[in-house]
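Nothing in this text is a laboratory measurement; each read-out follows from the coordinates by a stated rule. Being a predicted model, the structure only gives us computed values, none of them experimental. A quick note on method: Cβ atoms are made from the backbone with ideal geometry, for glycine too, and the neighbour counts reach across all protein chains shown.
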């Protein structure tokens, strides 16, 4: 296939793809690409999935409401616990932070269709790569960690008492 023929195919597919409803484009594109010569199928598929709005039919969109609800419950539990503990200990702080992070990542996964990719280098030898909900979780947990509560108990303020000098 020459470059002119490839360009003509891309233009033809794009003109037809615009007329297809968004939810049906992925299945239609797969059928249309199957009719093309094998040497250009991957290129055309990658081109359209990167440049056009293509929503895969096999994605389970119904789980998004469950994920959002679970995220909201985690945030609500974290909020209630945050107001119950005035001065959280280290383990309480860890659980509070965990509830908030799980809640935010659950909501983000439910709202964002597709995947989120994260590649984070802590040091030269430690590189974390995550996708989807784990990427959101790592981003919220490690991106801006607040300082943990001090392990040393707060000192109580003592009020000096008047002593009577005996003379």
ask   = Suppose R0 equals 41 Å; then what is the FRET efficiency for residue 23 and residue 87 from their Cβ-Cβ distance, rounded to the nearest 0.05?
value = 0.20
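If each residue of separation counts as 0.36 nm, what is the full-extension length gain between residue 95 and residue 125 once their alpha-carbon separation is subtracted?
Numbers: separation 30, 0.36 × 30 = 10.80 nm, distance 2.87 nm.
Full extension from residue 95 to residue 125 adds 7.9 nm.
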